Amino acid sequence: MQLSFAGVILFLAGYSCGLAAPELTGPGEVSRPLGESVSVQCQYRERYQGNSKYWCRGAVWSSCHTAVKTTGSEAEAKGDRVSIRDNHRLRTFTVTMETLTLGDAGIYWCGISKFGFDPGVPVKVTVLPGYFSALAAPALTAPREVSGPPGGTVSVPCHYGKTAQGSPKYWCRGAQWNSCSKVVETERSEVKVKRGRVSITDSHSTSTFTVTTENLTLEDAGIYWCGINIKGGGDPYFLVNVTVLPGESLL
């Protein structure tokens, strides 16, 4: 029996857990230009914190080929241009594919190793080629993970292509890029903008905008995104995991 991609998603939603809430969720589809990087974040239930997580490729879940796999810890594991990192507290694992080629396009799966059937969710990866790649939003990179203690300060530098110098830059929060909530945004200049404990400053000369969060609290931990507001095009973005270290506070 053959299923369309949409059909596969609906089928898998019930495959590993029947009518219950999903064991594992992902973005469904991601796309980036040729030569750039793409990050995929998958969320799982608390009981799977210590299980190995993996990323495999193939149209059929039962026969997909594992590209990279964790050991059950939070240590980053790497393969050929691909890496995976698990965050037990947030119950998410993030897969990053670097220097995308046209051959990287296809159906992949976020998976969890367990006794019996492994939970899995499909993710369609699209690589924008040639002409479309040139028209795509400029590259955007940042640290994948930053951390600081309660009461401390953390800064995230986000680097962009020179063609985006005049575009507004922003910082948003949320597990999924397409539904994240903007925290702070520049106003087409290098003037510092501050909203509460969070500020953003753009430097055109270095093609870098920096987001700073002061007086960190445990509630500040989570998934954030560096983003650029591109008029008439898709906004480039980059996932950043912010961790607030437990223990002694600086307050």
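Quick note: the coordinates plus some simple rules give every number you see, no bench work behind them. The structure displayed is predicted, hence computed values, not measured ones. Neighbour counts run over all protein chains shown; Cβ positions are idealised from the backbone, glycine included.
If N is the number of residues in the range 137-244, what value comes out of its Cα radius of gyration divided by 2.2 N^0.38 Å? List each step's numbers first, then the result.
Details: Rg = 12.9 Å, N = 108, 2.2 N^0.38 = 13.0 Å.
Cα Rg divided by the expected 2.2 N^0.38 Å: 0.99.
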Which residue, Gly152, Gly196, Gly35, tops the fluctuation ranking in a GNM of the chain built on C-alpha contacts under 10 Å?
Gly196
With only helices counted (DSSP H, runs n ≥ 4, each -39500 (n - 2.57)), the per-residue ellipticity at 222 nm for the chain, to the nearest 500, works out to -2000 deg cm²/dmol
Using modelled backbone amide H atoms (1.01 Å from N, in-plane), which distant-in-sequence or interchain residues come within less than 5 Å of Lys182's amide H?
Arg173
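What does the charge dipole of the chain about its Cα centre add up to, to the nearest 20 debye, if the Cβ of each Lys and Arg holds +1 and the Cβ of each Asp and Glu holds -1? All intermediate terms of the calculation are to be shown ahead of the outcome.
On the way: 24 positive and 21 negative charges, 40 e Å.
Once rounded to the nearest 20, the dipole reads 180 debye.
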Of Ser203, His88, Pro119, which is farthest towards the positive pole of the chain's charge dipole, taken about the Cα centre with +1 and -1 on the beta-carbons of Lys, Arg and Asp, Glu respectively?
Pro119
Can you give me the relative contact order of the range 137-251 as a percent, contacts being Cα pairs under 8 Å and 6 or more apart?
37 percent
Given a cut-off of 29 Å, name the pairs among Lys124/Lys194; Lys124/Lys169; Lys124/Lys231; Lys53/Lys194; Lys78/Lys231; Lys69/Lys162 whose C-alpha atoms lie farther apart than that in the structure shown.
Lys124/Lys194; Lys53/Lys194; Lys78/Lys231; Lys69/Lys162
Whole-Å distance, taken between Cα centres, linking the range 181-251 and the range 64-102
24 Å
Spin-label pair Ser63/Lys114, simplified geometry with 7 Å Cα→Cβ offset, distance in nm
2.6 nm
How big is the Rg/Rh ratio for the chain, C-alpha atoms only, Rh by Kirkwood, two decimals?
0.98
Percent relative contact order for the chain, counting Cα pairs under 8 Å at least six residues apart, stands at 17 percent
